[in-house]
1. Per-residue ellipticity at 222 nm for the chain, helices alone: DSSP H runs ≥ 4 residues times -39500 (n - 2.57), over residue total, nearest 500 deg cm²/dmol?
2. Give me the aspartates and glutamates in straight-line cross-link reach of Lys220: C-alpha distance below 19 Å, same-chain residues under 8 apart excluded.
3. Once you wrap a convex hull around the alpha carbon atoms of the chain, what is its projected area averaged over all directions, in nm²?
4. Considering Cα pairs under 8 angstrom that are at least six residues apart, work out the relative contact order of the chain and quote it in whole percent.
5. Please give, to one decimal in nm, the separation of the simple spin-label points placed at Ser286 and Ser84, each 7 Å out from Cα toward the Cβ.
6. Please report, to one decimal in angstroms, the Kirkwood hydrodynamic radius of region 110-165 built from all distinct Cα-Cα pairs.
7. Compute the separation of the alpha-carbon centres of region 161-192 and region 114-157 and state it in Å as a whole number.
8. Using 0.36 nm per residue, how much length does the chain from Gln107 to Gln256 gain when fully extended, once their Cα-Cα distance is taken away?
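Every number here is computed from the coordinates shown, using simple stated rules; none is lab data. These figures come from a predicted structure and were not determined experimentally. No Cβ is skipped: glycine too gets one built from the backbone with ideal geometry, and neighbour counts run over all protein chains shown.
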Amino acid sequence: MAARLHRQQPSRQYQPRRSGCDENDGKNVHMRKPIVRSLLKGVAFITGAASGIGKATAYSLARHGITKLAITDINLAAAEKTASTLKSDLGGHIHVLPLKLDVTNEQAVAETVSTIVKEFGRIDVAVNNAGIGGPAVPSADHPYEEWKKTLDIDLNGVWLTSREEIRQMLKQEPLVPNSPRHPRGTIINIASMYGIVATNLNTPVVSYTAAKHGVVGLTKADAVAYASRGIKINALCPGYVLTPLMQEHMKGETMQKELEKTPMGRMATMEEMGDHVVMLASPLGSFMCGAALVADGGFTIQ
């Protein structure tokens, strides 16, 4: 019998779905996405939610069942704009509370959590996302004031907000009683792949790296302390994500060199990070405790 010949089909490069939160998109695709109300319940609180991963996370949480959402940012006008577009895109059933918050201000953090609880009654999901990149210089060239500023926002700010969230969650009962997959509350701290590994010579962001390593350590310590009391705490460690912050700090040849080291050959979309947060917040991640979930396109496995 003659051998059957198969014509080889040309390979097609995988193209990820585009994020509706990409400020460079030119259009918002969230209106075309269905809302899935089965994964999450209750009230969510996000810091640094006016743009970037925080904004994408707000959309992801709302699409997957959160109907009461407190979004905070140092820029109140931007937070209010995000709240307005979120309600417009996903429907009037979502109650969004935009608030101004400086995460380095202990009193402001406590008052913000109190305001959220007064408005919504509880906090079920907290995402501590507010942060900055810091100077791209090694230690010998790093100004001390910039060092303190980066650690104050990226580490101390996460601790201050997490502490108040834990205090509130300890006062409340789970939304679903007697279910090991539904805790009193869940906290996701946004760290970085540079909370797992060191930056290289192309990206010497030493203060950012120190802060994000601290966030991972904080996450593990608090996870151990509060798991038995019904609070689930994990960290998300993104790799290179196409955010406004990344676009500001990583341009030209430097970014291209970093992308060449990423096996997936691209940056993540902000929406992908928001969806990873959903998994950590939902019963799908119910047995994860103190994890530092790395989502970096394979950058750190080499």
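1. Working: 9 runs with 110 residues, N = 302.
Theoretical 222 nm ellipticity from helices: -11500 deg cm²/dmol.
2. Leaving aside aspartates and glutamates fewer than 8 places away in the same chain, those within reach of Lys220 are Asp154, Glu164, Glu165.
3. Computed as one quarter of the Cα hull surface, the answer is 20.1 nm².
4. Contact order relative to length: 19 percent.
5. 4.1
6. Radius from the Kirkwood sum: 13.1 Å.
7. 20
8. Numbers: separation 149, 0.36 × 149 = 53.64 nm, distance 4.22 nm.
That works out to 49.4 nm of additional length.
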